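Asks: Sharing a structure with you now.
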Amino acid sequence: MQPEDLAKCGPAPSGAVRLGANRPRLKSLPSGLLIASAGPTIGNIALHGETVKIECSAVIQIIVVGRGSKNEAISGTDMTSAQFPLKKFIGDWCRVMIMAADGKLAWSNPIYL
């Protein structure tokens, strides 16, 4: 989601998530490729065999979460990409989440593997 998408959505109450979509993003909806954000931006999620590569705006945490307590995470400062194994998520689902330094989050729809 880009900042210009948010401008099209109008103001959101404090703590609410604003969703916006330009035409290419609208075409992604039937395939389930939706990203929601309250601040940071997920630029790309790419599946390569049994790994996932995530590109995003500068964040302090990049996480892949799944059913129960399944997760892969990395923390740092000004991170803009990460790569994780998907082995523990195969046959189920996972979701990408990122956290900016101000605590704001962005997340993807579930990705079924």
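The values are calculated or read from the model by the stated rules, or taken from the named source; none is laboratory data. This one's a predicted model, so the numbers in the text were calculated from it and none came from an experiment. Note: ideal-geometry Cβ built from the backbone for every residue, glycine included; neighbour counts use all protein chains shown. Please note that ligands, DNA and RNA were not included when accessible areas were found on the heavy atoms of the full protein model with its side chains. Shrake-Rupley method; radii C 1.70, N 1.55, O 1.52, S 1.80 Å.
Asks: Of all residues in region 84-113, how many are open to solvent by 80 Å² or more (accessible area, probe 1.4 Å) and of a type outside the set (Phe, Trp, Tyr)?
Replies: 6
Asks: Please list, ordered by first then second residue, the pairs with beta carbon atoms under 9 Å, 6 or more apart or interchain, first in region 43-62 and touching a residue at least 40 places away in the same chain (Cβ under 8 Å), second acidic (Asp, Glu) and in a strand (DSSP E or B).
Replies: Ile45/Glu55; Val52/Glu72; Ala58/Asp78; Val59/Asp78; Ile60/Asp78
Asks: Could you tell me how many of the residues in region 44-67 are open to solvent by 30 Å² or more (accessible area, probe 1.4 Å), aliphatic (A, V, I, L, M) and modelled with pLDDT under 95?
Replies: Residues in region 44-67 being open to solvent by 30 Å² or more (accessible area, probe 1.4 Å), aliphatic (A, V, I, L, M) and modelled with pLDDT under 95: 2 in total.
Asks: Residues that are loosely packed, with under 14 Cβ neighbours inside 10 Å and modelled with pLDDT under 95: does region 71-83 have at least one?
Replies: No, region 71-83 has no match at all.
Okay, residues lined up against (1) within 21 Å of Gly39 (Cβ to Cβ); (2) assigned to a loop (DSSP other than H, G, I, E, B):
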| position | (1), (2) |
| --- | --- |
| Cys56 | yes, no |
| Gln61 | yes, no |
| Val65 | yes, no |
| Thr77 | yes, no |
| Phe84 | no, no |
| Gly91 | no, yes |
| Val96 | yes, no |
| Asp102 | yes, yes |
| Trp107 | yes, no |
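Asks: Looking at region 91-106, I want the residues that are charged (D, E, K, R) and have a partner that is assigned to a strand (DSSP E or B) with Cβ atoms under 7 Å, at least 6 apart or on another chain. Which pairs are those?
Replies: Correct list of pairs: Asp92/Gly66; Arg95/Val65; Arg95/Trp107; Arg95/Ser108; Arg95/Ile111.
Asks: Still on this structure, please answer the following. Quick one: in region 49-88, which of the residues that are of a type in the set (D, E, K, R) and over 13 Å from the mean Cα position of the chain (by Cα) is nearest to Lys104 (Cα to Cα)?
Replies: Asp78
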